[in-house]
Amino acid sequence: MRPWREEDLPALLEAYDDPVMRQWVRLPVSTTEEAARWLELQREGWESGTRFGFAVTDTGRGGELVGNLALKRPGPGPERAEVGYWTAARARGRGVAPRALEALTDWAFTAFAGRGLVRLELLHQVDNVASCRVAEKSGYAFAELLSALPPEFPLDGHLHVREAPAAEVRVAAGRRAEGRAGRCGRDPARSGRA
C-alpha cells in the first residue's frame, strides 16, 4: 500500500479496462488524459487532506498493481470518514481486498486518532455482492439499507460501519443482541439514509 505515482498510469489504464470494475466506479478512466487527471486528483486529495488514495501492490509479484484504496474525509466532522476500494481483475479471488482494507482501516484509526476519527463507513450498491463480502470479512458490520439517489446512485445501497478499537467493545455488545439479522441488507425492514 503506497500513494499513487505518475508511473502507475499504464497499470491504472489496464485496471480500468475491466468491464466488471467499470460498472462499480463513479469516475471512468479510459484514456491517457483521464488516467492522468485521476492520478492528479489523488495527489490533490493528499495535499488537501480530504482524500488519501493508495495503490495496492503485490511485492511478491514485482510490485504489480492489484488494487486501489481510498480514505475520504469530506464530512462535516472529524469523527467519521468513508473508505472505498477496487481490485484489479487479475487479483480477484486472492483475498487482496479484505487484507488491503484491513491495512487501510488500521492506518486510518492510527493516523487520525488524535483528530477524533472513531467511525469508518463503507458504502456499496445492493447488487455488489463481492463488496458486501469484503466488508463483512474486514469487520465492517452492516448498518443500514440506503435508499437509491438517482441518477448518481440508481439502486439502493448498503452502509457498513467499523468503529475505532476503543468503540468496538461497546458496538460488539449491541451487535450480539441484534443477532445476524440485517447482515448485508438481508433484513429489508431496516431502511433509511445516512
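The values are calculated or read from the model by the stated rules, or taken from the named source; none is laboratory data. No experiment lies behind these values; they were computed from the predicted model shown. Neighbour counts are summed over all protein chains in view; Cβ atoms, including those assigned to glycine, are modelled from backbone coordinates with ideal geometry. To get the accessible areas, we keep the full protein, side chains included, count just its heavy atoms, and leave off ligands, DNA and RNA. Shrake-Rupley method; radii C 1.70, N 1.55, O 1.52, S 1.80 Å.
Observations
- Residue-normalised accessible area of the stretch 13-76, expressed per residue, 1.4 Å probe, Å²: 54
- Probe 1.4 Å, accessible area per residue of the stretch 109-152, Å²: 49
- Using only alpha-carbon positions in the stretch 28-162, the gyration tensor eigenvalues give semi-axes of 22, 19, 18 Å once each is multiplied by 5 and square-rooted (largest first).
- In a simple Cβ point-charge model (Lys, Arg +1; Asp, Glu -1; nothing else charged), the stretch 14-156 has a dipole of about 320 debye relative to its Cα centre.
- Cα gyration tensor category, rounded, prolate or oblate, for the stretch 79-147 with a/c compared to 1.5: oblate
- Sulfur and carbon atoms: percent of accessible area, the stretch 1-148 [1.4 Å]: 52
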